Amino acid sequence: MIKTIFTAAVAAALLTTAAQAGDLKPLKGQTLALQGVTGSVYYTAEADSYRVVATLGAENGLAPVRFVARLTDGQAVSVEVPAAVGVTPVQLEIRRTGDRLSVGGLAQPEIRASLD
């Protein structure tokens, strides 16, 4: 149960922006790595929003978690990977600004590959 909660918290942390890691394009995903958590993120443009899908899993083999959000202009979603007491957690943000969707965070996420 605690492992499942941890994995869900990690997935939630994948979506916040402060330092730009890169822009996404519709249906052109990216893989990401954040302190023991890897995953992919992509989006589709819908009539009134962007549907963002992030799938994350801990490198220790726990079941992956999928996070789906619909963002309109000016909205963002963030995810945080917990850390030890006194250590700054890794945060990731996905932000929509106009027709641009960016992925970034307080700690620079490692973008491993483009999935196009």
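Among the residues of region 80-94, not one is surrounded by fewer than 16 Cβ atoms within 10 Å (Cβ to Cβ), in contact with a helix residue (DSSP H, G or I) (Cβ under 8 Å, 6 or more places away or on another chain) and either farther than 18 Å from A33 by Cβ or charged (D, E, K, R) (or both).
Any residue at all in region 95-115 that is modelled with pLDDT under 85, in a strand (DSSP E or B), surrounded by 22 or more Cβ atoms within 10 Å (Cβ to Cβ) and not small (G, A, S)? The answer is no; no qualifying residue exists.
Within region 76-92, can one find any residue that is in contact with a strand residue (DSSP E or B) (Cβ under 6 Å, 6 or more places away or on another chain), assigned to a strand (DSSP E or B) and of a type in the set (S, T, N, Q)? Yes; the residues of region 76-92 include at least one that is in contact with a strand residue (DSSP E or B) (Cβ under 6 Å, 6 or more places away or on another chain), assigned to a strand (DSSP E or B) and of a type in the set (S, T, N, Q).
In region 44-79, of all residues being exposed (fewer than 11 other Cβ atoms within 10 Å of the Cβ) and among the small types (G, A, S), the one that is nearest to G104 (Cα to Cα) corresponds to G74.
The values are calculated or read from the model by the stated rules, or taken from the named source; none is laboratory data. Everything numeric here is computed off the predicted structure, so don't read it as measured data. Positions of Cβ are backbone-derived with ideal geometry, glycine not excepted, and every protein chain shown enters the neighbour counts.
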